[in-house]
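So the structure is just underneath, and the comments pick up after that.
The values are calculated or read from the model by the stated rules, or taken from the named source; none is laboratory data. For clarity, every value in this text was computed on a predicted model and none was experimentally measured. Positions of Cβ are backbone-derived with ideal geometry, glycine not excepted, and every protein chain shown enters the neighbour counts. Side chains included, ligands, DNA and RNA excluded: accessible areas come from the protein's heavy atoms. Shrake-Rupley method; radii C 1.70, N 1.55, O 1.52, S 1.80 Å.
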Amino acid sequence: WITNSAPTLWIEVTKVSALDDTVTLEGAEFVIHRVGAAGTGFYGTTDTEYLKGFDSAGNALWTTTAEDAKVYTTGPDGIFKEEGLLYGTYFFTEIKAPSGYAIQNDLVNHEFTLDETNTKFEFTAKNDDIVIEKSNTGGSMNVGDVEDYTVTTTIPLGINDLIDKDGDGTAESPRYTKFEIIDSHDDTLE
């Protein structure tokens, strides 16, 4: 008998809410990439190679075009997993957060290594929750009365994140340029 003695290598990322890590997030999208021939490996740079998929023999196929990268989407359990990688250093990047959530810096160009001692890479990734709550004093009101109410939100953890927008390898641009709460009230109210 001939058996394949190569170890099973895998990455598994679990997406959860930053406010409640028991809430798993479906629909987050990721790509896996690595350093190209002369590059840094950072997402969006011209010298990065993106995992495109695998051939019929199970060999990884790489591309330098981000749009051609294989997109991993978290399922209802909040997990994406890839078991076809070889020993090496890679990165994963979240390219789309689920609706109502925002990407944090540690989910862009997150480096991981698979080798003889690290055959599995498991990571819990948190997304900023964008939650807005409104409350008022309640009760009956007469025309012309003033009603006090409160709007409350949690400021996203990544509000201070800087990203590399120009591809030079330096994170110098704010991820968020504005954090705004807009309250639309009934058209019978002022």
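In the range 164-188, the residues that are free of Cβ contacts under 8 Å to residues at least 24 places away in the same chain form Cβ pairs under 9 Å with partners that are hydrophobic (A, V, I, L, M, F, W, C) and part of a loop (DSSP other than H, G, I, E, B), at six or more places apart or across chains, as follows: 165/171. The set of residues in the range 61-76 that are within 17 Å of residue 94 (Cα to Cα), in contact with a strand residue (DSSP E or B) (Cβ under 6 Å, 6 or more places away or on another chain) and either in a strand (DSSP E or B) or open to solvent by 60 Å² or more (accessible area, probe 1.4 Å) (or both) comprises 68, 70, 71, 72, 73.
Could we say that residue 152 is of a type in the set (Ser, Thr, Tyr), more than 18 Å from residue 45 (Cβ to Cβ), over 17 Å from the mean Cα position of the chain (by Cα) and surrounded by 11 or more Cβ atoms within 10 Å (Cβ to Cβ) here? Criteria not met by residue 152. Scanning the range 12-39 for residues that are part of a loop (DSSP other than H, G, I, E, B) and either open to solvent by 60 Å² or more (accessible area, probe 1.4 Å) or at pLDDT 85 or above (or both) yields 19, 20, 21, 22, 23, 25, 26, 27, 28, 37, 38.
For the criterion of being among the polar types (S, T, N, Q), outside any strand (DSSP E or B) and at pLDDT below 95, residue 99 passes.
Taken together, 49, 94, 111, 133 contain a single residue that is acidic (Asp, Glu), assigned to a strand (DSSP E or B) and under 19 Å from residue 9 (Cα atoms), which is 111. Within the range 98-122, the set of residues being closer than 26 Å to residue 173 by Cα and either more than 12 Å from the chain's Cα centre (by Cα) or charged (D, E, K, R) (or both) comprises 100, 106, 111, 112.
Under 21 Å from residue 121 (Cβ atoms), assigned to a loop (DSSP other than H, G, I, E, B) and open to solvent by 20 Å² or more (accessible area, probe 1.4 Å): does that describe residue 58? Taking the combined requirement at face value, the residue satisfies it.
Residue pairs whose Cβ atoms lie under 7 Å apart, separated by 6 or more positions or on different chains, with the first residue in the range 118-138 and surrounded by 12 or more Cβ atoms within 10 Å (Cβ to Cβ) and the second basic (Lys, Arg) and modelled with pLDDT of 80 or more, are 125/15; 127/15.
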